[in-house]
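Engineer: I have a structure I would like to understand better, so I am pasting it below and will then ask my questions one at a time.
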Amino acid sequence: MHTCSLERCSMFTSKNGKAIDAFENTSRGTGSLKKRKRMTQNQAYYLGLSGRADLHMHSTYSDGLGTIQQILHHIQHNTDLDVIALTDHNVVEGALRARDLWARGNYRFDFIVGEEISTREGHMLALFIEKRIPPNLSIERSIDLVHEQGGLAIVAHPLNPLFRHSCQREVLDRIFEDDDVWLDGIETWNASFCGIYTNRLAMRTNREIYGWPEVGNSDAHTIHAIGRGCTWFEGSTAQHVRAAIESGVCAPGGKLWRMHDYLRLASHRMNKRRRDRRKRVA
Ligand SMILES: [Zn+2]
Ligand SMILES: [Zn+2]
């Protein structure tokens, strides 16, 4: 029942004593949505959430196809995103370099340094960090390391039963019950294959049980997929996104990847495999 989840949610308090109540602003953020719905552009504007962020994407520093230069250029000229986070797998170097480029340029969007950490229990986004967090630690330890740096820890594409890098229900339950560790948010809209069918399950489960602030992201590995998923928030800067996540006044939105996003990625991976095989033979 919805009422019960609201009660549970308002009792949930994090380690630093700050109440995490995603549905406190029930008429503004995710709490205004039905159990399995993402926010449409019209709803977002009506509620004053006119900022759009994409907080999960990959560059050539991990398994993405776009260089950091191409990504910055594409976002500037071909999207209306206000804030982005670069979150390569288990590295932060690309995001730090991209931030340097971004700081030297005259970009109209704001930039967040991030990483997608392969924890032992599944992928987790770390936002607003400066130092790399190593993979293969427990998710609790990884969350602690994010918080030690003053970052935000957000579970990525959870509850996908077929994807081995997706956190499952028992892990989320464990974190939810833990008094010492907390998640700052949950990605309930992931525009990639990880989110097909599972986004709706993640939204419903979070709204019924956990009540964590929800974000939506593209998980883009090709530049044209950037912005396919988004997080609606009030304002236009990285600090506004942070405040929105911390207060639960944000909402997941967007669409899924298009067919050509998959085709580009598949043909790139096939060519790479062919090149690697040739190198091994030579
Ligand atoms: Zn992932
Ligand atoms: Zn990813």
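Engineer: State the percentage of accessible surface on the stretch 48-194 attributable to carbon and sulfur atoms; use a 1.4 Å probe and exclude ligands, DNA and RNA.
Structural biologist: On the way: 2620 of 5600 Å².
After summing per-atom areas, the C and S share lands at 47 percent.
Engineer: Given springs between every Cα pair under 10 Å in a Gaussian network model of the chain, which of 106, 136, 190 has the largest fluctuation?
Structural biologist: Result: 106 has the largest fluctuation of those listed.
Engineer: Right, next: Return the long-range amide H neighbours of residue 85 (sequence gap of 5 or more, or a different chain), with a cut-off of under 5 Å between placed amide H atoms.
Structural biologist: Counting only residues 5 or more places away or on other chains, the set is 54, 55, 56, 112.
Engineer: Still on this structure, I have one more. Expressed in nm to one decimal, what extension gain is obtained for the pair residue 144 and residue 180 from 0.36 nm per residue of sequence separation less their Cα-Cα distance?
Structural biologist: Contour length minus Cα-Cα distance gives 12.0 nm.
Engineer: Further question on the same structure: Solvent-accessible area of residue 62, probe 1.4 Å, all protein chains present, reported in Å² to the nearest ten, please.
Structural biologist: Counting only protein heavy atoms, the figure is 40 Å².
Engineer: Using a Förster radius of 25 Å, what is the FRET efficiency between residue 243 and residue 106 based on their Cβ-Cβ separation? Nearest 0.05, please.
Structural biologist: 0.50
Engineer: Suppose only helical runs count, i.e. DSSP H with n ≥ 4. What mean residue ellipticity at 222 nm does that imply for the chain under -39500 (n - 2.57) per run, divided by all residues and rounded to the nearest 500 deg cm²/dmol? Intermediate values should be presented prior to the final figure.
Structural biologist: Working: 9 runs with 99 residues, N = 282.
It lands at -10500 deg cm²/dmol.
Engineer: Sticking with this one: So what are the ³J(HN,Hα) numbers for the stretch 173-184, from phi and the Karplus equation (6.51, -1.76, 1.60; θ = phi - 60°), rounded to whole Hz, Gly and Pro as x?
Structural biologist: Rounded to whole hertz, the list is 4, 4, 5, 4, 7, 6, 7, 9, 10, 9, 9, 8.
Engineer: Would you mind getting me the FRET efficiency between residue 268 and residue 40? Use the beta-carbon distance for r and R0 = 35 Å, nearest 0.05.
Structural biologist: Values: r = 32 Å, r/R0 = 0.92.
Efficiency at R0 = 35 Å is approximately 0.65.
Engineer: While we're here: Protein chains only, probe 1.4 Å: how do 152, 201 rank by accessible area, largest first? Working shown, then result.
Structural biologist: Values: 152 0, 201 60 Å².
Ranked list, largest accessible area first: 201, 152.
Engineer: Quick one: accessible surface of residue 102, probe radius 1.4 Å, all protein chains present, in square angstrom to the nearest 10.
Structural biologist: 60 Å²
Engineer: Give the residue list of trypsin sites (Lys or Arg not before Pro) in the stretch 142-221 that are DSSP loop and have at most 16 other beta-carbon atoms within 10 angstrom.
Structural biologist: Numbers: sites: 164, 169, 174, 200, 204, 207; in loops: 164.
Loop-located and lightly packed - 164.
Engineer: Tabulate in residue order the Karplus-calculated ³J(HN,Hα) for the stretch 239-252, using 6.51 cos²θ - 1.76 cosθ + 1.60 with θ = phi - 60°, rounded to whole Hz; enter x for Gly and Pro.
Structural biologist: Each residue's phi maps through the Karplus curve to give 5, 5, 4, 4, 4, 5, 5, 5, 9, x, 9, 9, 8, x Hz.
Engineer: Per-residue accessible area for residue 262 at 1.4 Å probe radius, Å² rounded to 10?
Structural biologist: Residue 262 has an accessible surface of roughly 60 Å² with all protein chains in place.
Engineer: Using only Cα atoms and rounding to the nearest 10 degrees, what angle (0 to 90) does helix 68-78 make with the longest principal axis of the chain?
Structural biologist: The angle comes out at about 60 degrees.
Engineer: Moving to a separate point now. At what distance in nm do the modelled label points of residue 196 and residue 89 sit from each other, each positioned 7 Å from its Cα along Cα→Cβ?
Structural biologist: A separation of 1.9 nm, rounded to one decimal place.
Engineer: With unit charges on the beta carbons (Lys and Arg positive, Asp and Glu negative) and the dipole taken about the Cα centre of the chain, which residue among 83, 268, 166 sits farthest to the positive side?
Structural biologist: So the residue we want is 268.
Engineer: Give me the number: length gained by fully extending residue 209 to residue 136, i.e. 0.36 nm times residue separation minus the C-alpha to C-alpha distance, one decimal in nm.
Structural biologist: Full-extension gain reported as 23.6 nm.
Engineer: Once you have a ≥ b ≥ c as the square roots of the Cα gyration tensor eigenvalues for the stretch 75-117, tell me rounded if a/c is under 1.5, and otherwise prolate or oblate according to whether a/b is larger than b/c.
Structural biologist: On the way: a/c = 2.76, a/b = 1.58, b/c = 1.74.
It comes out oblate by the Cα gyration axes.
Engineer: So, one more: Does the stretch 31-174 come out rounded, prolate or oblate, given a ≥ b ≥ c as the square roots of the eigenvalues of its C-alpha gyration tensor, rounded meaning a/c under 1.5 and, failing that, prolate meaning a/b above b/c? Before the final figure, lay out each step's value.
Structural biologist: Details: a/c = 1.85, a/b = 1.12, b/c = 1.66.
The shape class here is oblate.
Engineer: Can you work out the Karplus-derived ³J(HN,Hα) for every residue in the stretch 84-97? Use 6.51 cos²θ - 1.76 cosθ + 1.60 with θ = phi - 60°, whole Hz, and x for glycine or proline.
Structural biologist: Per residue, the Karplus-derived 3J(HN,Hα) values read 9, 10, 9, 10, 5, 5, 6, 9, 10, 4, x, 5, 5, 5 Hz.
Engineer: Report the residue, chosen from 37, 255, 272, that carries the largest GNM mean-square fluctuation when the chain is represented by alpha-carbon nodes joined by springs under 10 Å.
Structural biologist: Highest fluctuation among the options: 272.
Engineer: How do 28, 36 stack up against each other in accessible area, from largest to smallest, with a 1.4 angstrom probe?
Structural biologist: Accessible-area ranking of 28, 36, largest first: 36, 28.
Engineer: All other residues with a Cβ under 9 Å from the Cβ of residue 88 taken together, and with Lys, Arg as +1 and Asp, Glu as -1, what is their net charge?
Structural biologist: -4
The values are calculated or read from the model by the stated rules, or taken from the named source; none is laboratory data. All of these numbers come straight from a predicted model, not from anything done at the bench. Neighbour counts run over all protein chains shown; Cβ positions are idealised from the backbone, glycine included. For the accessible areas, the whole protein counts, side chains as well, though only heavy atoms, and no ligand, DNA or RNA atoms are used. Shrake-Rupley method; radii C 1.70, N 1.55, O 1.52, S 1.80 Å.
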